[in-house]
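In what follows, a single structure is set out as structure tokens and then discussed.
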Amino acid sequence: MKVPAGWYVVLSSTELKKDKPLAAERFGRSLVIWRSRSGSPVIADDLCPHRGVKLSLGTISNDCIVCPFHGFEFDTSGACQHVPETNKSAVNLTVATYKAIEQHGFIWMWYGDGTTAQTEQLDWFSDLENNKLSYSEHSDVWPIHVTRCIENQLDYAHLPYLHRNSIGRGFDVSVKRQFELDDKQIALRFEEGGGFQFRFPNIWRLEIKTGMFYQMLAFVPINEHSTKIYARAYQGFVTMRILKPLLDSIFSYQNSSILNQDKYAVVSHSPNSSIDATSEKLYPSDAGIDWFRKKWVEKIGEKETMHG
């Protein structure tokens with residue numbers, strides 16, 4: 001799957017349990033994800049190099065994932081440490097692994113040139129690091145390319161139409177708005193207050209009330225035709241633990257309702273990927289989308305150069 005190199009959110013931390021491998025498709029690849037003895041995430045191709053069985057059907061033992069078919073054991077670097085038939089290691093028999101880290105309640109995977117990952121900083125939103133904020137989270141899968149999902153959150157002109165009975169009520173699309181555009185982000189401040197910020201390659205944050213209320217989305221590429229969206233509501237209004245479950249359910253319901261309004265239109269896009277939408281006629285409100293498309297293509301080109 002052609003996407004820019006970078007650190008991608010690929011999973012919520014809550015989905016990855018101890019001592020239990022998890023199968024997940026990301027970037028059109030079948031992956032197996034598990035936790036090492038220290039709790040760190042490990043991501044590898046979900047394919048035993050011996051006979052092609054899914055490793056995710058196996059178990060975790062001695063910091064290795066054990067193939068369910070013949071018991072071959074692969075460590076966190078992907079090397080085979082035990083072959084039951086020979087009772088020896090076979091370190092030249094390997095499964096491909098990917099750089100992974102866990103931060104901010106997400107599992108992140110580096111997709112691209114491995115050397116660059118050593119110096120490329122994981123990007124996050126500093127205002128969400130406030131210890132007074134707590135968040136609720138839910139997810140959904142949209143049957144459309146990740147670029148279409150991202151662009152929906154850069155498009156403010158649809159607010160009074162798709163969201164006319166919710167967040168778009170009274171929003172004036174005729175007001176001229178100025179995007180902040182650079183290689184790492186696309187941002188927009190609203191005169192009415194608040195604003196949003198997209199950070200390449202796949203996270204977005206909406207400020208509703210400074211220091212108190214934010215929405216955050218991660219757009220996870222499953223394959224060319226589907227995207228998993230993690231949606232979080234960060235709030236600092238209610239700190240009483242007993243009330244948090246109720247508030248979480250309210251915010252999750254609101255997030256789900258608003259995103260379903262978006263989904264209704266977004267999944268109807270043609271072509272599937274916005275990078276192929278060369279015949280679309282963009283307007284001034286689409287300045288963020290126009291920039292996104294140019295930078296997305298540029299960054300894919302940089303990735304191909306690194307590998308080429």
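Counting neighbouring Cβ atoms within 10 Å and putting the fewest first, the residues H82, H145, H70 line up as H70, H82, H145. Charge tally around G168: other residues with Cβ under 14 Å, Lys/Arg +1 each, Asp/Glu -1 each, net -2.
Of all the C-alpha pairs in the stretch 64-111, what % are more than 12 Å from each other? Percentage above 12 Å: 65. Can you work out the PRE-style zone for I250? Point 7 Å along Cα to Cβ, and I want the residues of the stretch 205-238 with backbone N under 11 Å. It comes to 237-238, nothing else. Counted by Cβ distance under 13 Å from F190, the other residues give a net charge of -1, where Lys and Arg count +1 and Asp and Glu count -1. Think of each Lys and Arg Cβ as +1 and each Asp and Glu Cβ as -1; about the Cα centre, that makes the dipole of the chain roughly 560 debye.
Number of Lys-Lys pairs in the stretch 126-302 with C-alpha atoms under 15 Å apart and a separation of 8 or more places or on different chains: 7. Per residue, the average separation of C-alpha pairs within less than 8 Å and at least 6 apart gives the chain a relative contact order of 20 percent. Site pair F69 and E25 shows an inter-label distance of 2.0 nm when each label is modelled 7 Å from Cα along Cα→Cβ. If the Kirkwood radius is taken over C-alpha pairs of the chain, then at 37 °C and 0.692 mPa s the Stokes-Einstein diffusion coefficient equals 156 µm²/s.
No value in this document is a laboratory result; all are computed from the given coordinates. Being a predicted model, the structure only gives us computed values, none of them experimental. Cβ sites come from the backbone with ideal geometry, for glycine too, and all protein chains shown count toward neighbours.
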